[in-house]
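Data first, discussion second: the structure below is written as structure tokens.
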Amino acid sequence: MTSNRPVPALGHPQKMTSFPMMDMISVCTVLEDSLDQLSILGYIINPAPYSTHKNVQWPLISDNLKKIQAENIKKVHSDRQYAEDVIMGMLNELEDSGSFLSLLQAVEMEKERKDHFHRAIESEKEGRNKTELLQKQLDDIKKEKEVELQNCNELIAHLKDQLQEMIAKTNMDIKYAKKDTDLQIYQTQKKCSISESNLQQNLKSIQNKIDEEIRTHTELENYQRQYLQELEVKLEHWMEKYDKDVDQKEKEIKNMKAARDKDLALLQTLAEQYKEHERVIIEDRLEKEKARQEKRQAQLELKSTIKIQAWWRGIMVRKGLGPYKRAKSKKGVPCIIN
Amino acid sequence: MAGEKETAEAIVSDLQKKITEAFDVFDHENNQTVDVREIGTIIRSLGCCPTEGELHDMLAEVEEEEPTGYIRFEKFLPMMTKVLLERRYRPIPEDVLLRAFEVLDESKKGYLTKDELVKYMSEEGEPFTQEETEEMISAAVDPDRNVVLYKDYISAMIIED
């Protein structure tokens with residue numbers, strides 16, 4: 001390391017390396033001492049895992065060692081090694097050239113390492129945070145998904161139930177339908193057989209009827225033929241009779257016409273006679289009526305005349321007129337009731 | 001009832017008194033008889049107007065079995081009382097009389113000529129004597145027109161009555 005140090009860096013330590021010879025010797029001495037101590041410490045630490053319990057010469061250190069964990073020991077060991085190397089390098093440089101540039105370089109390097117380390121830590125921290133966040137997100141998503149999964153499971157269970165139910169129902173339906181259909185088929189078959197037998201019977205009876213009809217028909221036909229013959233005979237007879245009758249009737253009509261003419265003539269004369277008689281009767285009636293009227297009038301006149309005469313006689317007596325003047329003059333009492 | 005009977009009796013006795021008075025006028029010999037010919041006059045003077053036929057029927061009722069020509073008061077009184085009580089032969093009412101004249105007035109002129117009147121009265125029915133006819137003519141005939149305006153004539157006679 002020291003050997004690879006760049007040349008421009010040498011100038012600076014030379015300015016500061018104006019150690020007097022004395023100082024330089026003392027520093028070298030101190031450094032040699034530190035190296036010794038460090039190597040001793042290295043010896044102590046290295047066998048530590050095997051000799052902690054047996055070595056009672058360093059109780060304090062061994063107590064501390066007990067508490068330090070394996071990693072820490074390792075780290076301390078490496079640190080000690082590093083310090084030893086640095087001091088060794090510096091001592092060699094001092095002895096060679098009287099400068100301590102290696103120390104400065106070592107410090108710089110250490111500083112850089114520390115920064116680098118810090119950066120690493122920070123980036124690690126960030127990474128951890130990020131990881132945590134992601135973990136958290138992951139957890140959330142996981143939870144969510146679990147809930148979803150549960151829901152889905154529930155849904156599946158529900159659907160399965162439904163499916164089961166549907167299957168059961170369908171089975172029942174199928175069973176019922178099958179039964180129903182079977183029964184219907186059975187019923188229809190039965191009906192068909194009944195109607196078939198009925199139709200068969202009908203057919204039989206109709207057949208019988210047809211036979212009977214045919215028989216009747218032939219009988220009737222025979223009878224009618226016979227009857228027709230009879231009728232033809234009768235017709236012939238009637239035709240003859242008709243001709244004869246027509247002749248006879250025509251003769252009769254002739255006679256009757258003649259009689260009617262004669263009767264009409266008689267009627268004419270009788271009507272004339274009747275008219276004349278009627279006229280005579282009416283005249284006679286009128287005359288009689290007139291006579292009756294006259295008689296009634298005469299009677300009425302007679303009655304009226306008698307009434308007037310009776311009245312006038314009464315008047316004359318009561319008023320002492322005409323022939324009754326005598327009575328008045330004689331006694332002076334002409335009328336008592338007045 | 002008793003009152004009515006009394007009034008009835010009173011009426012009867014009143015009538016009988018009148019009948020007696022009328023009879024007495026013609027009882028010339030005061031022996032309760034009158035000439036058969038005077039009976040008509042007596043009945044008419046008592047306010048009745050019988051026809052000659054009816055008079056004849058009444059006479060037949062009161063005459064003796066053997067006609068003597070005289071009528072006795074004791075027979076006449078009950079017959080006449082009955083006639084008056086039953087109000088038979090009442091004077092002929094004006095309208096009936098008018099209708100009788102109208103019957104004679106055949107052509108409905110509203111009057112009779114003097115000849116018509118004389119003919120009917122002296123020839124028809126129970127004919128008037130000459131004297132009676134003349135008396136009627138003098139009372140009924142309108143001297144100017146020589147006709148009988150019978151409506152006026154009847155009215156005049158009835159009013160005078």
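Tabulated results
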item: Mean shadow area of region B:94-157 over all directions, Cα convex hull, nm²; result: 4.2
item: Net charge dipole size for the protein assembly as shown [Lys, Arg +1 and Asp, Glu -1 on Cβ; Debye, nearest 20]; result: 1200
item: Label-point gap, in nm, between A:L286 and A:H158 - each point 7 angstrom along Cα→Cβ; result: 13.3
item: Average other protein chain Cβ within 10 Å of Cβ, residues B:124-133; result: 5
item: Prolate/oblate/rounded call for region A:166-275, Cα gyration tensor, a/c under 1.5 rounded; result: oblate
item: Charge dipole (debye, nearest 20) of chain B; +1 at Cβ of Lys and Arg, -1 at Cβ of Asp and Glu; result: 540
item: Solvent-accessible area buried by pairing B with A, both sides, nearest 100 square angstrom, 1.4 angstrom probe; result: 3700
item: Computed [θ] at 222 nm, deg cm²/dmol, chain B (DSSP H ≥ 4; -39,500 (n - 2.57); rounded to nearest 500); result: -19000 deg cm²/dmol
item: Kirkwood Rh and Cα Rg combined as Rg over Rh, evaluated for region B:2-85; result: 1.00
item: Largest to smallest accessible area among B:S138, B:S122 [probe 1.4 Å]; result: B:S138, B:S122
item: Percent accessible area from carbon and sulfur atoms, chain B, protein chains only, probe 1.4 Å; result: 49
item: Residues of the protein assembly as shown: accessible area per residue with a 1.4 Å probe, Å²; result: 76
item: Highest-first arrangement of B:55-65, B:33-43, where packing means the average Cβ count within 10 Å; result: B:33-43, B:55-65
item: Charge tally in the Cβ shell below 12 Å around B:V96, where Lys, Arg are +1 and Asp, Glu are -1, B:V96 excluded; result: +1
item: For chain B, radius of gyration divided by Kirkwood radius, i.e. Rg to Rh on alpha-carbons; result: 1.05
item: Ratio Rg/Rh [Cα only; Rh per Kirkwood] for the protein assembly as shown; result: 2.13
item: Sorted peptide list for A:183-189, B:17-23, criterion being average Cβ within 10 angstrom, highest first; result: B:17-23, A:183-189
item: Amide proton proximity set for B:T113, modelled H, under 5 Å, gap of 5+; result: B:V148
item: Potential lengthening between A:I141 and A:Q37 on full extension [0.36 nm per residue; Cα-Cα distance subtracted]; result: 31.5 nm
item: Simple label model, 7 Å out from Cα along Cβ direction - B:N146 to B:E134, nm; result: 1.9
item: Amide H partners (placed H, <5 Å) of B:Y70, local residues excluded; result: B:V36
item: Simple Cβ-charge dipole of region B:94-157, Lys/Arg +1 and Asp/Glu -1, about Cα centre, in debye nearest 20; result: 300
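The values are calculated or read from the model by the stated rules, or taken from the named source; none is laboratory data. As the structure is a prediction and not an experimental result, all values here were calculated from the model. Every residue, glycine among them, receives a Cβ derived from its backbone with ideal geometry; neighbour counts consider all protein chains shown. Note: accessible area is taken over every heavy atom of the protein model, side chains too, but ligands, DNA and RNA are not part of it. Shrake-Rupley method; radii C 1.70, N 1.55, O 1.52, S 1.80 Å.
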